[in-house]
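Below: the structure, in structure tokens.
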Amino acid sequence: MSDGIFIGGGGEGYGTPQDLLLGYANRHGLIAGATGTGKTVTLQILAEGFSARGVPVFLSDVKGDLAGLAQAGRADHKLHEAFLARAATIGLHDFSYGACPVTFWDLFGQKGHPVRTTVSEMGPLLLARLLELTEAQEGVLNIAFRVADEEEMALLDLKDLQALLVFVGEARAELGLRYGNISTASIGAIQRRLLVLEGQGGDKLFGEPALELADLFLTDAAGRGRVNILAADQLMQSPRLYATFLLWLLSELFEELPEVGDPDKPRLVFFFDEAHLLFEDAPKALVDKVEQVARLIRSKGVGVYFVTQNPADVPEDILGQLGNRVQHALRAFTAKDRRDLKQAAMNYRDNPRFDIEDAIREVGVGEAVTSLLERKGIPGVAERTLIRPPSSQLGPIDDATRAALMGMSPLAGKYERVIDRESAFEILQARAAAAAREAEQAERAEAEAEAAAEREFTAARRYSGTRVSRSTSQPARRSSSSSRSDSVGTAFAKSFARQLGTQSGRAVVRGILGGLFRGR
């Protein structure tokens, strides 16, 4: 086996091999082109090549086509003769059909193993992006996460975060002195966004068991890297959830993996399909984070490949770090399209045999302008390249085949059962119940004391001057000075207790608790 992945044939007559060198595959890459020009097939043959050389792959299947990687292509396919002719043209004499070892994942647990993370692992920055929060609302969310850390309350799923926000709202006076103003309007806005997220199925993302990153690095018995396919056809109905999840996964890889320098081949290759969703309306802080990850994650052995229609979808600072490029055709129908086409052509090393701008406009389906890193990381000269045909099935697989493959997966049964251990929701629920019991006991004791005093007065055993002063204001109750030093942990319970002085007050609070905890 060579030290590169054969992409296709370039040069005169398309007979010059175009190889993606494994030693530079972690220098990231770009697959771009208009709809219907062959980007999906290019992604498919790259996944096949990495898998065959023992490199695990993670990719998202936006249209359902990439599931075919799990099945070998067949000679009775309508494009079989065209595949054989192309293989002969580009010098692929050992072309044959074969499948890749595949692990299916699905955020909703329907077309793959469930994939989850916890609210704590997602963090306030990405969660604020997911919920489309304002700066003030993001500040309140950061306070909530800080309180959860100080109170040692785990944030695992959405109901934990919802209960924590109620706690923060009840204790906002005490917390506001330490962290700044906490607006009930901001808390209400966050709660509404959480309800929207829950309605979109985002609650399936949060919980346990959370994804173990090691399960993305598996190989089969023959040493081939497993291709991790995220079923994203349903997920794409919530584009912000899709982009945030992939960015979270990329960030986790960056934070958890050790430095390995420049390995002979990547430890994992991550394909970010529909990459424009990551950068649309993204705040500068988030774009800076993506740039930092893209710049530094290669030293951890991870290659990141952005797949999008137009290179202009990717910010310039990130685009400059993508060393391996496969540019399918761009259509220039408007003035903006022509400017984007010219800009895309300027990113390639000139080839004296053709004009790059014209080539990008003219290449046909299954053909691309490629520039792959050469020895010492030098950008290769741009070439018009016929992309090799895939060895795996072109197109989706049926549900029965998918179910059978999931049953044979080494991860079968590991993530399917949800675990709901004690976390913020249960802790706050217990505190509220304890506060209600304390208030009931205090009210009962007060009632008994008043009844005893009434009996003594009726029996003329004791006279109290205060009994004749009902027409005047009641004496003010003196509060204990110790209440000023209450910890934040007891503030929530005391806020309940203060409302329980009367039977009607207790009924109100029980109604709130019922609304909060019912059906959980």
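The values are calculated or read from the model by the stated rules, or taken from the named source; none is laboratory data. The shown structure was predicted, so the numbers you read here are calculated from the model rather than taken from an experiment. FYI the Cβ positions are ideal-geometry reconstructions off the backbone, even for glycines, and counts take in every protein chain you see. Accessible surface areas use protein heavy atoms only, side chains included; no ligands, DNA or RNA. Shrake-Rupley method; radii C 1.70, N 1.55, O 1.52, S 1.80 Å.
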ask   = Taking Cα atoms, how many degrees apart are the long axis of helix 119-131 and the longest axis of the chain, rounded to 10 and kept between 0 and 90?
value = 80
message = Between A453 and D262, what is the label-point separation in nm under the 7 Å Cα-to-beta-carbon projection?
response = 8.6
inquiry  = From Cα pairs below 8 angstrom and at least 6 apart in sequence, can you work out the relative contact order of region 1-125, rounded to a whole percent?
reply    = 20
request  = Quick one: accessible surface of Y348, probe radius 1.4 Å, all protein chains present, in square angstrom to the nearest 10.
outcome  = 20
query = So what J values fall out for region 231-241 if you push phi through Karplus, 6.51 cos²θ - 1.76 cosθ + 1.60 with θ = phi - 60°, rounded to Hz, Gly and Pro as x?
reply = 5, 10, 5, 6, 4, 5, 5, 10, x, 5, 5
query = What is the Cα centroid distance between region 138-179 and region 201-238, reported in whole angstrom?
reply = 30
query = How much net charge surrounds G199 when only the other residues with a Cβ under 15 Å from the Cβ of G199 are counted, with Lys and Arg +1 and Asp and Glu -1?
reply = +2
query = Where Lys and Arg each count +1 and Asp and Glu each count -1, what net charge lies around R339 among other residues with Cβ under 15 Å from its Cβ?
reply = 0
remark   = Whole-Hz Karplus couplings 3J(HN,Hα) for region 151-168, θ = phi - 60° and coefficients 6.51, -1.76, 1.60, Gly and Pro as x, run 8, 6, 10, 6, 9, 9, 10, 5, 5, 5, 5, 5, 5, 5, 5, 5, 4, 5
note = By the Kirkwood definition, with r running over pairs of different Cα atoms, region 159-286 has a hydrodynamic radius in Å of 18.2
inquiry  = Give me the 1.4 Å probe accessible area per residue for the chain, excluding ligands and nucleic acids, in Å².
reply    = 47
ask   = Could you list log10 I(q)/I(0) for region 408-450 at q = 0.14, 0.20, 0.28 Å⁻¹, which the Debye formula gives when each Cα is one point scatterer?
value = -0.57, -0.74, -0.92
remark   = Carbon plus sulfur, as percent of the 1.4 Å-probe accessible area of region 94-223, comes to 47
note = Between the Cα axis of helix 335-345 and the main Cα principal axis of the chain, the angle (0 to 90°, nearest 10) is 70
inquiry  = Just to be sure I understand, if you calculate percent of Cα pairs over 42 Å apart for this structure, which of (1) 19; (2) 35; (3) 26 do you get?
reply    = (2)
query = From the phi of every residue in region 106-112, what ³J(HN,Hα) in whole Hz does the Karplus formula 6.51 cos²θ - 1.76 cosθ + 1.60 yield, where θ is phi - 60° and glycine or proline is x?
reply = 7, 4, 9, x, 9, 10, x
ask   = Carbon and sulfur together cover what percent of the accessible area of region 258-346 at a 1.4 Å probe radius?
value = 49
note = Taking a crude spin-label model, label points 7 Å out from Cα along the C-beta direction, the R375 to D281 distance in nm is 5.1
key: E212 accessible area, assembled protein chains, probe 1.4 Å, Å²   = 90
inquiry  = At 7 Å along Cα-to-Cβ for each site, give me the label-to-label distance between A442 and A34 in nm.
reply    = 7.2
ask   = Taking Cα atoms, how many degrees apart are the long axis of helix 39-52 and the longest axis of the chain, rounded to 10 and kept between 0 and 90?
value = 90
